[in-house]
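Reading through the structure tokens given below for one structure.
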Amino acid sequence: MSLLVVGLSHRSAPVSVLERASLASDSQIKLLQDTLAAEPATEAAVLATCNRIELYADVDKFHAGVAELSMLLAQHSGVGLEELTPYLYVHYEDRAVHHLFSVACGLDSMVVGEGQILGQIKDALALGQELHTAGRLINDLFQQALRVGKRAHSETGIDRAGQSLVTFGLQQLADGADVEEWAADKRVLVIGAGSMSSLAATTLARLGVRELVIANRTLERAERLAAVLAEPDGVAAHAVPMASVGEELTRADVAVSCTGATGLVLTAESVAAALAEHVVPGPVSSVDLRAPDGSLVARLAATAARDGRVHDRSAAAGLTDEDAGAGRGSAPSPAPQSPAGLETRGSAPDPAPQSPAGADGCPVGLDQVPAEDLAQHGAWVDNAGRSVRTGSGARARANGPVRLALLDLAMPRDIDGAVHRLAGVRLVDIESLAEASADAPMAADVDQVRGIVSDEVAAFGAAQRAAHITPTVVALRAMAADVVAGEVARLEGRLPGLDEKQRAEIGQTVRRVVDKLLHAPTVRVKQLAGEPGGAGYADALRTLFDLDPETVASVSRADMNDPNRGRV
């Protein structure tokens with residue numbers, strides 16, 4: 001085994017470099033094809049996610065392999081080799097296996113323990129199989145990585161150490177609040193319908209958002225995703241074309257974007273324009289903030305109006321007659337301090353007139369109101385202090401409440417980083433997630449997962465070294481079978497009087513002798529080959545028995561042509 005991986009990730013490179021070096025689907029295909037065309041590599045796979053690009057290959061020369069793979073990454077990523085080289089890492093043989101197994105378990109993820117990487121590893125293997133760039137080593141490696149990742153998640157609590165990038169991003173948007181409570185009653189715009197956007201939409205639907213709008217370049221794909229989310233007992237969801245993103249943004253509380261676009265999907269100017277037209281979905285005009293008839297507050301207002309304590313504030317506040325409302329038409333006068341210690345908002349106190357209930361009683365019968373009515377009054381006053389978005393053109397104060405929360409999960413980024421300077425906008429992107437996850441607490445289960453990875457790396461290495469000698473052992477036994485068949489045939493020619501039973505008994509005896517002679521050496525050589533440094537035993541076996549190299553190679557090819565081998 002001569003496994004080599006050359007790559008870069010959020011741990012080795014800044015987001016700005018990762019963003020420029022991202023690989024589109026067609027670039028991944030061309031990279032794999034060019035890697036196999038290069039002299040040092042015999043098979044290859046590429047693992048490209050939003051925060052890593054890694055090229056795996058089986059090479060016959062280490063230094064030539066590193067140089068070739070680095071040049072190919074630079075060529076297909078569009079970042080110059082000199083600029084890219086300082087951020088590249090290289091792993092070889094067992095260290096390369098250890099790296100991929102750690103990645104599969106979520107130990108190398110931006111959010112430790114996230115499980116989405118397993119799907120991305122599966123996709124990388126499927127692409128290699130489709131293009132026939134994944135041979136025996138890559139198939140075995142990636143299949144085992146998937147098993148190790150699943151084992152880590154099932155046998156440990158690594159899931160408690162972190163979540164998917166989507167969940168972690170939503171937690172950052174919630175800014176310390178309970179995510180489910182934060183998401184409730186939100187109208188969310190999801191831009192894109194790929195794997196990450198679909199995961200985001202599904203997560204938001206599970207959290208119970210009020211409405212989901214899916215925008216995608218291919219409308220049919222967005223409609224399929226919306227239909228799944230809007231199944232019976234699902235969330236209210238519908239699809240729109242990408243051309244409607246600007247309009248939908250004016251009604252959204254949250255926008256999540258993850259597309260394969262090479263340019264910005266949301267610029268600072270488009271977000272600012274949407275904020276200028278930001279409205280609250282639904283019939284805002286139907287909200288009635290007046291106290292219910294017969295309630296304590298309504299009785300207070302009626303008594304104040306009767307005693308001449310309500311004045312017209314519309315002139316001073318610049319309000320229209322409609323804004324001022326009913327009951328505010330009298331001339332301005334100082335507002336009195338009520339016997340209950342209540343003061344009319346925005347008014348100055350003046351001496352209170354004689355209460356109808358007398359000097360010792362509440363003018364509106366407050367001392368006769370049941371306790372439950374007072375509790376209702378307190379709740380009404382508390383609600384009155386909440387801000388209400390009033391429609392088109394409303395602008396948030398600097399450092400004020402968040403009017404639009406943006407989550408950018410794309411690489412390269414979909415949303416202009418300058419939007420964080422807009423008042424009322426909160427932006428979380430890959431870069432800010434990387435900073436936040438650096439301080440995330442590590443679960444105790446991480447050490448257990450590291451132990452699993454170490455054990456699995458040792459087992460994989462032993463299995464690969466043993467498998468390396470298997471074609472030689474098979475070729476040796478095939479040669480022995482040919483020798484037995486030849487000698488039995490020669491014996492039959494020299495002893496033509498043998499009957500069928502006698503010939504069968506002689507042939508079986510000769511085969512048993514050969515099998516017993518070969519059994520111990522072949523079993524032992526497999527054991528030795530599985531140990532570190534055991535790769536040379538296959539060469540020794542071929543030399544000792546003068547085995548034809550082409551026969552050994554044909555056994556390997558037959559194994560790889562097995563249609564049931566290593567499919568995902």
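The values are calculated or read from the model by the stated rules, or taken from the named source; none is laboratory data. Bear in mind the structure is a predicted one, so any value in this text is a computation, not a measurement. Backbone-built Cβ (ideal geometry, glycine too); neighbour counts: all protein chains shown. Accessible surface is based on the protein model in full, side chains and every heavy atom, while ligands, DNA and RNA are left aside. Shrake-Rupley method; radii C 1.70, N 1.55, O 1.52, S 1.80 Å.
The table below gives the values:
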read-out: Test: residue in region 133-142 that is closer than 18 Å to S25 by Cα and either of a type in the set (S, T, Y) or over 24 Å from the mean Cα position of the chain (by Cα) (or both); value: yes
read-out: Number of positions in region 216-269 that are of a type in the set (A, V, I, L, M), in a helix (DSSP H, G or I) and either without any contact (Cβ under 8 Å) to a residue 60 or more places away in the chain or open to solvent by 50 Å² or more (accessible area, probe 1.4 Å) (or both); value: 10
read-out: Some residue of region 80-92 being under 22 Å from A463 (Cα atoms), outside any loop (DSSP other than H, G, I, E, B) and open to solvent by 10 Å² or more (accessible area, probe 1.4 Å); value: yes
read-out: From the options S195, S102, S154, S109, residue that is in contact (Cβ under 8 Å) with a residue 24 or more places away in the chain, under 20 Å from the mean Cα position of the chain (by Cα) and open to solvent by 50 Å² or more (accessible area, probe 1.4 Å); value: S195
read-out: Failed item, numbered, when G176 is tested on (1) open to solvent by 40 Å² or more (accessible area, probe 1.4 Å); (2) part of a helix (DSSP H, G or I); (3) not hydroxyl-bearing (S, T, Y); value: (2)
read-out: Residue list for region 112-130, filter: of a type in the set (A, V, I, L, M, F, W, C), in contact (Cβ under 8 Å) with a residue 60 or more places away in the chain and assigned to a helix (DSSP H, G or I); value: I117, I121, A124, L125, A126, L127
read-out: Residue count for region 29-40, restricted to those that are in contact with an Asp or Glu (Cβ under 7 Å, 6 or more places away or on another chain) and either under 22 Å from S16 (Cα atoms) or surrounded by 20 or more Cβ atoms within 10 Å (Cβ to Cβ) (or both); value: 1
read-out: Selection status of T167, of a type in the set (S, T, Y), open to solvent by 30 Å² or more (accessible area, probe 1.4 Å), farther than 21 Å from R221 by Cβ and within 14 Å of the chain's Cα centre (by Cα); value: yes
read-out: Scan of region 453-465 for residues that are open to solvent by less than 50 Å² (accessible area, probe 1.4 Å) and over 23 Å from L541 (Cα atoms), ordered by number; value: V453, E456, V457
read-out: Residue selected from region 8-28 under the condition of a type in the set (G, A, S) and open to solvent by 30 Å² or more (accessible area, probe 1.4 Å), by the criterion farthest from P86 (Cα to Cα); value: S25
read-out: Residues within region 41-79 that are within 10 Å of A21 (Cα to Cα), open to solvent by 30 Å² or more (accessible area, probe 1.4 Å) and among the charged types (D, E, K, R), tallied; value: 0
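This table checks each residue for (1) over 29 Å from the mean Cα position of the chain (by Cα); (2) modelled with pLDDT under 85; (3) open to solvent by 30 Å² or more (accessible area, probe 1.4 Å).
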site: S437; (1), (2), (3): no, yes, no
site: A467; (1), (2), (3): yes, yes, yes
site: P471; (1), (2), (3): yes, yes, no
site: L476; (1), (2), (3): yes, yes, no
site: G497; (1), (2), (3): yes, yes, yes
site: Q508; (1), (2), (3): yes, no, yes
site: T522; (1), (2), (3): yes, yes, no
